Every structure is written in C-alpha cells, then in structure tokens.
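The values are calculated or read from the model by the stated rules, or taken from the named source; none is laboratory data. None of these values were measured; they are calculated from a predicted model. Here the Cβ positions follow ideal geometry from the backbone for every residue, glycine too, while neighbour counts run over all protein chains shown. All accessible areas refer to the heavy atoms of the entire protein, side chains included, with ligands and DNA or RNA removed. Shrake-Rupley method; radii C 1.70, N 1.55, O 1.52, S 1.80 Å.
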Protein chains: 2
Amino acid sequence: MMEVTESARAPHPGPAHRLTSNSDVSTTALKGQRCATSPHSGSCLRWISMSLLPVIVVHGGAGYVPRKHADLSCKGVSEAARAGYVCLRDGLSAMDAVVKAVTLLEDNPVFNAGRGSVLTHKGTVEMDAIVMDGCTLSSGAVSAVKRIANPVQLARLVMEKTSHLCLTAEGASQFARDMGIPEVDEESLITDYSRMRWRQNLSPDANPVESQMGKMGTVGAVAVDLQGNIACATSTGGLINQMEGRVGDTACIGCGAYADNKVGAVSPTGHGEAIMKITLSRLILFYMEQGKSAKEAADLGLAYMLDRVQGLGGVVVVDPKGNWAARFNSLQMAWAAAQGDEVHYGLYAGERFTQDIQQDEAQS
Amino acid sequence: MMEVTESARAPHPGPAHRLTSNSDVSTTALKGQRCATSPHSGSCLRWISMSLLPVIVVHGGAGYVPRKHADLSCKGVSEAARAGYVCLRDGLSAMDAVVKAVTLLEDNPVFNAGRGSVLTHKGTVEMDAIVMDGCTLSSGAVSAVKRIANPVQLARLVMEKTSHLCLTAEGASQFARDMGIPEVDEESLITDYSRMRWRQNLSPDANPVESQMGKMGTVGAVAVDLQGNIACATSTGGLINQMEGRVGDTACIGCGAYADNKVGAVSPTGHGEAIMKITLSRLILFYMEQGKSAKEAADLGLAYMLDRVQGLGGVVVVDPKGNWAARFNSLQMAWAAAQGDEVHYGLYAGERFTQDIQQDEAQS
C-alpha cells in the first residue's frame, strides 16, 4: 500500500474547527479532471471511468488521530473500502459490502468499534451498531451490546431475522446466542491503548468528551451496488468513560445512519449527542431531497450541527448515481472511497490520495 | 366531565385505514369559527379566544380502543391535557407541562405506558420514554427500563443530570437508583388486561403486531408555554409480546419525538418500527419548515408512512404560534388539546368535543 508521507499530512492551515472547504474530497473532482492536490501525481494523472457504480465510501472516525495511528488508520480505511468494493464488483449487494467493510474496521484495533472500543466508566465494553437498507427502509441495530466481536453483523441479523429494528443490552446478547453468534472474552476487545485512555479519564477533573477528540474512531460505510441499491452501516464503542448503558447516535436510525434508494445514504461520526440532537443523517438526506449535492448537503449538515449545538464530526455520503462525499469539520477524519477501480483516501482536510485498486489488492 | 355518548363514537364511515380528513381536529377550525361537527353543540356554539398560547396536546395511542376503554381513554387524555395546561397557565415551562401530562397517562392503567404497559414475550415489563426541549434541542431518553413507575421522569433526569441523551436497560436502572428513584414491584405495573393479551399472543400462530392494533396506547404530549418554548414527551410499554430488549421509536430522537422552538414539536404513536423507518417526527417538522401547517405536515407524514412502509399511526403536533393538530390514519386515537381555557378531545376520526377547562377542573 502506498505510504502517506508525513509532509502530506500537514494540518489544515485554517482554524481547526472551521468547516473544511476541501472540494476535492468528493466525486465532483473525479469526472474527467486531473487530481491537482495530491502530492502523488503519478497515481493521479489519469482519467477516471465515467461509470460511477458501484461505489463504497468508509470512515474510521472524526477527531484527532494520534500520529502513531495515522498510517494505520489510512491503511485500515483503504483496505475496508477495497474489500467492500470487491464485494460490489463481484455482484454482491450494497448491504453485503458495507457489512464487509465495517466488519474489517471492527476487527482492526486502531478504530473505536469491535476490538479497540473505548471503555465505559466501569471499564467494560458496550457497543452500538446499525445497518440500513435503502430499498425497503429496513434497518437493524443493537445498542449497549457486550462480548460480541462484530456488532454490525448482529445488527444485520436483527434486521433480517426479527420483526424489530433495535435490540438492546441483554436482549441483544440473548438474540446473539439464539443466532449462534459466539460470545467472546471481553478482554479480547480491549487494547492497551483503550485501557490507558480509560485510566486517564477516571480522575475527577478529566473531560472525557474533550479527550474523545483524540479518538472518535466510530466506523461506518455507505455504498451503492450495481443494481442501484443503497445501504449503510455504522459501528462504535461509544464515548470514552461513558456511563453504563449510554446509547449514542449510532444505534438511532436517522442519527447514526440513514439510507434511502431514492435519495442516498449517510454514515456519520463525531460527538454522538450532538449528532442526535439534529438527527444528522436524516438532515443531510433532506438537503439532498431539496436538490443539494452530496457534498453540499454534508457541508450544510455539519455547519448546522456546529452552529446549533456546537458539535463537530464528519460524514460519508453517497447518492443513487454514485456521487459521493467524505466531509468533516473536526481536525481529521480517516476516510476512503473505492470507485472506478481506484481507491481514494485521506485523513486531513483537503487531502486525497489515489491508487489503483489492483495495486492495493496486490500489496495488501 | 362531559360524557362521550356512544352515538357520538360511530366509526369513521370510510375505510378504516384511509388517511383521515377530519379538518376540524386542528386549530384551523378554532379561530373564530363555530364548531359544526360535534353533537354537543351546547359546548361548541361560542367563539374561541384568539390567544393561542399556551397550548398542550396529548395522545393516548393510535389503534383500536376497545369499547369498554373508550370513555376511560377520553377521560384520561382530557385530564392529562388539563393538568398540563394548568402548569402552563401557572407559568411553568412546556417541559414541566408535558412531563406532568405524560406522568398522569403513565399512572393510568388504561394506557400502554408505565402502569398498564404491555408485556414482553417473557411476560416482563420493559418501557421506553423520551423528552425533548425545543429551545436547546436537548433530549433525554430511557430504553428497556424496568421497575420504574414513571419512565418519562427518568428520561427528563437523563437530560438534566447527565451529558448523555439515552440510557438503556440496567444502565438506566442504575442511574435511577443514583437519582433516588424508587424501584417498584414489577407486578404493580401489570394489569389483568395486559396479562390476558400477553397470554393470547403466546400461541405460535398469534400475530402480536396485528393484535397491537387493539392496544397501541403509547402516550405523548407536545406543548408551547407562555414564553414560546416548546417541548414534547412520549412514553410506552412497547409492542405486545415483543422480544426482550426490543427498542422501538419512542426512545429514538427524531422518531418517537422531536421539538424545535423554531419549527414545532411532534409526539407520534403507532407501529414503532414503521415510525422509525421514516423518522416520522423529524419528517413532519421538515414539512413544516417547508411551509406546511401542522395539520398538513402531519397528514403528509402519515400518508408517507402508509405509502412507503405500510405503517399506521397518529401524531400530535404544535407550531411555535400555538397552532396544533391531532391526526391519525388508524381507526382511533385518543387525543386532547387544552388551549384558550378550553379542552378539546376525541377518539374517532372527525370527532371533537369541547368543554370549559374550569368545568373540567370542577368535575374531576
């Protein structure tokens, strides 16, 4: 995989919390234009296929990614996008692709989902996940679920095997047992890094929300398959040192995810409570229904969240034609998009690297 | 309290599932017009005060209300609306008013919330509740909470005493203990009627969703206070014989409730999963942002839910000026509105009775 050089990850020159204006991080720049901003011109100086389907866009969380995690984050989201794209290219559904991508991100300890989840105040792991099918508006979610390796797969089973949309806590665990999902040792989900951050935030003067800006690595994906069906998935370990039983935006349809074949799909990341207060995913799709592009709608939604409830975050968005955007007003968001046999990815605002998907497949 | 005669409760003449066209069930008909449809002309033949604030509108659930519960349902919602209105008239906040009204409905065994909740498949009581403050967009919710008399009050404490928006299951119970909320005996929440319905739906060929049409008594309220602040609250025992840990629309912001001082507030009732798929509360407020009246937006939202996901339900809606609507496309919805020192209420489509709030206060 292509290395992202340190010089290419120079911080955004403007205020850290200003809405980014990196117009390259969307498909707008991919239609018959040369990519002018990447330092890796060798991989960029060619024309993109005009066929925009299939497409998948993933994120690995908005916030600040520690330098030692930067390369791993970029590698993780790129690999997840590539794996999801391979599903789509092979004719599998958008739902298959987003669940595949999010499963890889849950398995990757760099991200705050599955293995690598942040800990609750009690030092336990409680996870939320959701999937949504844009064709039927069906959805499945789990909240505050414990000892499951891949909550996103359990969320999909809630959608497919029950008449409900969300199962929580012990009820979700019971359902997992009924489905034959193995229960894993909680320790297998906990990394040294997440335990260190938990300890740091146990002191009375700690500010877990502030601290979370250092690791908001909720993960998610949106995709459109060859049939034009749209799906999304989001998964998270929640907020550092959160109260037992806290449910954030991820398990809440319209907040932590929304997909509608007629409009598009959104998977967000950021401060969950702020995302919930403005139902960010549904809001962005409303803007798209009113004629805004994926990028314009994402920027409007994020600006509204900052203005109305002082919330920071990011989103990945697709529309039914395969136009996509990865936008954020936090300092960073690890993201990757696979389309037209290329993988695009970035971490800082204004940053986009591109490589052949075959090259990526061969090297990974 | 005025008796609602049986003749006045004749079923709506059209198909049971058709969107109601009862244009009288909104403030549109209250501005200097005579109420023409009520059989109780004595209480209707007078002019309504032009001052629309404060106002509170409550519902006791959409679906089919058994005849033996009809009078009690109408009485229950009327009393809740009156009690909330007294709060507002005394200068308390919209939040105080909706929590007061919903607390009374939770305490009333006629409704599917608090005491009188339907039972899970296991025969237990798991409740969801939410409040939202339209000034700050703050919200608090509890999901799958057990052995609490008034989940709506616990939801308010989540909003006011934590940095989170939702606590679930045992985490919510732990928070209740921390707040000094007494744990009640689960039996005290269970009525003979809810246990009978649970038993009926244990057979393998039972259809709990269909059966729920017989008792969808989720409760909710929306209000605007004298300062123009808007709030809403919703509370439910969920779906008959639901899986353990099932969370429906009520605990999900944008689905089971939404309030925004700039637009209005919605509290819905009906099939929770359908409400979630289209984020009904936020959808109706989007229509209002686009210039629709509370009534028009409610009807559009309910029609969309029926068309897109074949869901039935109802809503109570207010806007910042105090215009309100109580709309449903189920056979019935117990609702009541208090405004201008009058209480309006109804159960079937096209039905509205009106009485002086003083008369109600004296008789109840």
> Which of the listed residues, B:152, B:165, B:117, is farthest toward the dipole's positive end in the range B:56-363, when Lys, Arg count +1 and Asp, Glu count -1 at the beta-carbon?
Replying inline: B:117
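Tell me, what is the FRET efficiency for residue A:321 and residue A:68 to the nearest 0.05, using R0 = 51 angstrom and their Cβ-Cβ distance as r? Walk me through the numbers before you get to the answer.
Working: r = 39 Å, r/R0 = 0.76.
With R0 = 51 Å, the Cβ-Cβ based efficiency is 0.85.
Counting only other chains, what is the mean number of Cβ atoms within 10 angstrom of the Cβ of each residue in peptide B:269-277? Can you show the working numbers first?
Values: counts 0, 0, 1, 3, 9, 2, 2, 9, 11.
Average per residue, whole number: 4.
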> Dipole of the range A:56-363 (Lys/Arg Cβ +1, Asp/Glu Cβ -1, origin at the Cα centre): which of A:306, A:231, A:251 lies farthest to the positive side?
Replying inline: A:306
> What whole-number value in Å² describes the accessible area per residue of the range B:54-180 for a 1.4 Å probe?
Replying inline: 29
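Carbon and sulfur together cover what percent of the accessible area of the range A:287-364 at a 1.4 Å probe radius? Each step should come with its number before you reach the end.
Working: 1000 of 2200 Å².
Ligands and nucleic acids excluded, carbon and sulfur give 46 percent.
Before I look further, what does the range A:261-307 give for accessible area per residue, probe 1.4 Å, in whole square angstrom?
Working: 1310 Å² over 47 residues.
Per-residue value: 28 Å².
If contacts are Cα pairs under 8 angstrom and at least 6 residues apart, what is the relative contact order of the range B:56-363 in percent? Please list the in-between numbers first.
Values: 854 pairs, mean separation 75.3, N = 308.
Value for the range B:56-363: 24 percent.
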> How much of residue B:239 can a 1.4 Å solvent probe reach, expressed as accessible area in Å² and rounded to 10?
Replying inline: 10
> Taking the alpha-carbon centroid of each part, what is the distance from the range B:110-159 to the range A:138-201 in angstrom?
Replying inline: 23
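Averaged across A:281-289, how many Cβ atoms of other chains sit within 10 Å of each residue's Cβ atom? Please list the in-between numbers first.
Numbers: counts 2, 7, 4, 0, 1, 6, 0, 0, 1.
Partner-chain Cβ atoms within 10 Å, mean over residues of A:281-289: 2.
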>> Report for the range B:311-357 the percent antiparallel among DSSP-assigned beta bridges with both residues inside it, nearest 5.
In response: 100
>> Counting protein heavy atoms only and a 1.4 angstrom probe, how many square angstrom of accessible surface do chains B and A bury in total, to the nearest 100?
In response: 3500
>> For the range B:140-284, compute the orientation-averaged projected area of the C-alpha convex hull (one quarter of its surface), in nm².
In response: 9.7
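Dipole size in debye (nearest 20) for the range A:126-259 around its Cα centre, Lys and Arg Cβ +1, Asp and Glu Cβ -1? Write down the numbers at each step before the final one.
On the way: 10 positive and 16 negative charges, 16 e Å.
So the dipole magnitude of the range A:126-259 works out to roughly 80 debye.
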> Which distance in nm do the two modelled labels at residue B:289 and residue A:227 give, with both placed 7 Å along the Cα-to-Cβ direction?
Replying inline: 3.2
> Which of the GluC sites (Glu not before Pro) found in the range A:146-200 are in a DSSP loop and have at most 10 neighbouring Cβ atoms, other than their own, within 10 Å?
Replying inline: none
> Charges only on Cβ, +1 for Lys and Arg, -1 for Asp and Glu: so what's the dipole of the range B:56-363 about the Cα centre, in debye to the nearest 20?
Replying inline: 480
> Taking each residue of B:154-164 in turn, how many C-beta atoms of other protein chains fall within 10 Å of its C-beta, and what is the average?
Replying inline: 2
> Going toward the positive end of the dipole of the range B:56-363, with +1 on Lys and Arg Cβ and -1 on Asp and Glu Cβ, which of B:130, B:62, B:318 do you reach last?
Replying inline: B:62
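What is the sum of charges, Lys and Arg at +1 and Asp and Glu at -1, for the other residues whose Cβ falls under 11 Å from the Cβ of residue A:281?
Working: positive: A:282, B:282; negative: A:249, A:260.
Combined, the nearby Lys, Arg, Asp and Glu give 0.
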>> Across the range A:92-216, what fraction of all alpha-carbon pairs, as a whole percent, falls in each successive 10 Å bin from zero upward?
In response: 13, 42, 31, 13, 2
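Give, in whole angstrom and from largest to smallest, the semi-axes √(5λ) of the equivalent ellipsoid of the range A:56-363, with λ running over the eigenvalues of the Cα gyration tensor. Please list the in-between numbers first.
Values: eigenvalues 131, 92, 75 Å².
Taking √(5λ) for each eigenvalue gives 26, 21, 19 Å, largest first.
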